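To start, the structure itself, in structure tokens.
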Amino acid sequence: MESGATPLRSFEDLSVGEKFKSRWYSVSQKELINFALEYDNQYFHVDPARAKESPFGGIIASGAYTFAVWNKLNLEINGNIAWIAGMGFENFTFPNPLHPDVNFKAESHLIEKRKSESDPRRGIVKHEYKVSTESGLTIFACLCPALVHTRDALERMNV
């Protein structure tokens, strides 16, 4: 670890109930369109004129893009956790679309944790994640169980 870097938080350092919020963030229409041209070329993601006639009333972000931006913000607030790997997603939803130039933030809430039964060097945690706008609309939400290193495992790895 670099001198002055934030130390990794092991399984033991995490507390059920802890909550974190990211900074406010927004994305431009150009950014949404450029992503969608490459990965999700649907008219309501790439064509401003046609998107006005869509059920969304304008350009919206692809769900894949929304997820990627959530991940960026989540790593800013939870990147100091000694992650091993995510184990999947539960209740993965996009209840409202992400429009360009709208401020939003990511939130995390640790709702469960337990030691791994199969490997004592690991813990299993479950976070409730959400992305919401300044007006309170939820644009992405999910639950995510993940594996996290224990303090002993980090010491053995000299981290």
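The values are calculated or read from the model by the stated rules, or taken from the named source; none is laboratory data. As the structure is a computational prediction, the values presented were derived from the model and not from experiment. All Cβ positions, glycine included, derive from the backbone under ideal geometry; neighbour counts span all protein chains shown.
Only one entry in PRO7, PRO48 is at pLDDT 95 or above and either over 18 Å from the mean Cα position of the chain (by Cα) or not charged (D, E, K, R) (or both), namely PRO48. Restricting the first member to segment 19-35 and to residues that are farther than 13 Å from SER62 by Cβ and among the aromatic types (Phe, Trp, Tyr), and the second to residues that are assigned to a helix (DSSP H, G or I) and at pLDDT 95 or above, the beta-carbon pairs closer than 8 Å and six or more apart or on different chains are PHE20/ILE77; PHE20/ASN78; TYR25/VAL69; TYR25/LEU73. Restricting GLU134, GLU90, GLU128 to residues that are surrounded by 13 or more Cβ atoms within 10 Å (Cβ to Cβ) and within 30 Å of PHE44 (Cβ to Cβ) narrows the list to GLU128. If only residues of segment 62-87 that are crowded, with 17+ Cβ neighbours inside 10 Å and among the polar types (S, T, N, Q) are counted, the one that is nearest to ILE139 (Cα to Cα) is THR66. Taking segment 41-55 as the range and being crowded, with 16+ Cβ neighbours inside 10 Å and either of a type outside the set (A, V, I, L, M, F, W, C) or touching a residue at least 12 places away in the same chain (Cβ under 8 Å) (or both) as the test, the residues that pass are PHE44, HIS45, VAL46, ASP47, SER54.
Residues in segment 127-159 that are part of a strand (DSSP E or B) and either under 12 Å from TRP83 (Cα atoms) or in contact (Cβ under 8 Å) with a residue 60 or more places away in the chain (or both): VAL131, ILE139, PHE140, PRO145, ALA146, LEU147, VAL148, HIS149.
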